[in-house]
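Report on one structure; see the data block that follows.
The values are calculated or read from the model by the stated rules, or taken from the named source; none is laboratory data. Keep in mind the model is a prediction, meaning the values are calculated, not measured. A quick note on method: Cβ atoms are made from the backbone with ideal geometry, for glycine too, and the neighbour counts reach across all protein chains shown. Quick note on the areas: whole protein, heavy atoms, side chains included, nothing else; ligands and nucleic acids left out. Shrake-Rupley method; radii C 1.70, N 1.55, O 1.52, S 1.80 Å.
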Amino acid sequence: LTDINTCVSTVIYNEKILQFGGADFNGKLSNHLYEIIINNEDNTMNINIIPTKGVKPPPLEGHATVIWNNKLIIFGGYNGTLFSNYIYQLDLEILEWKELNCENEKETSYHIPPPMCPFSAHIINNL
């Protein structure tokens, strides 16, 4: 598999496993996005780093990742120094990252949760 083995996040998208972040056994953090394609016919798998553009998240572990409206959303985690409550979005159609800033939204009832690590998140029925 990949050289990143702990505290990764994984999601399924278009019949591929996407793995982001995590740490190797020496504690080195990653911000790579891997695509893992399993071929059931011959029991093999291909693993590739997906090239992306834009403002990538920092190397993280213990974060949560979900797929929503063809976007990969990453929240929270630990960057080796601080626990995070940052939100990053990767548009899976154009493979471009951006950091989402929700702190100064006017007239909204949304509140950003405090920094979290480790935890999980789930979306049901794309809601």
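Here are the numbers for the structure shown:
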item	result
Residue within region 23-34 that is free of Cβ contacts under 8 Å to residues at least 12 places away in the same chain and more than 22 Å from Leu82 (Cβ to Cβ) present	no
Conditions (1) at positive phi; (2) of a type outside the set (Gly, Ala, Ser); (3) touching a Phe, Trp or Tyr at 6+ places or on another chain (Cβ under 7 Å); number of the one not met by Ile49	(1)
Qualifying residue in region 31-47 (condition: open to solvent by less than 40 Å² (accessible area, probe 1.4 Å), touching a Pro at 6+ places or on another chain (Cβ under 8 Å) and under 14 Å from Asn79 (Cβ atoms))	yes
Residues (among the aliphatic types (A, V, I, L, M) and either assigned to a loop (DSSP other than H, G, I, E, B) or modelled with pLDDT under 90 (or both)) located in region 80-127	Leu82, Leu92, Ile94, Leu95, Leu100, Ile112, Met116, Ala121, Ile123, Ile124, Leu127
Failed condition for Ile74, given (1) touching a Phe, Trp or Tyr at 6+ places or on another chain (Cβ under 7 Å); (2) open to solvent by 60 Å² or more (accessible area, probe 1.4 Å)	(2)
Matching option when the condition is in contact (Cβ under 8 Å) with a residue 24 or more places away in the chain and open to solvent by 50 Å² or more (accessible area, probe 1.4 Å), among Thr10, Thr6	Thr10
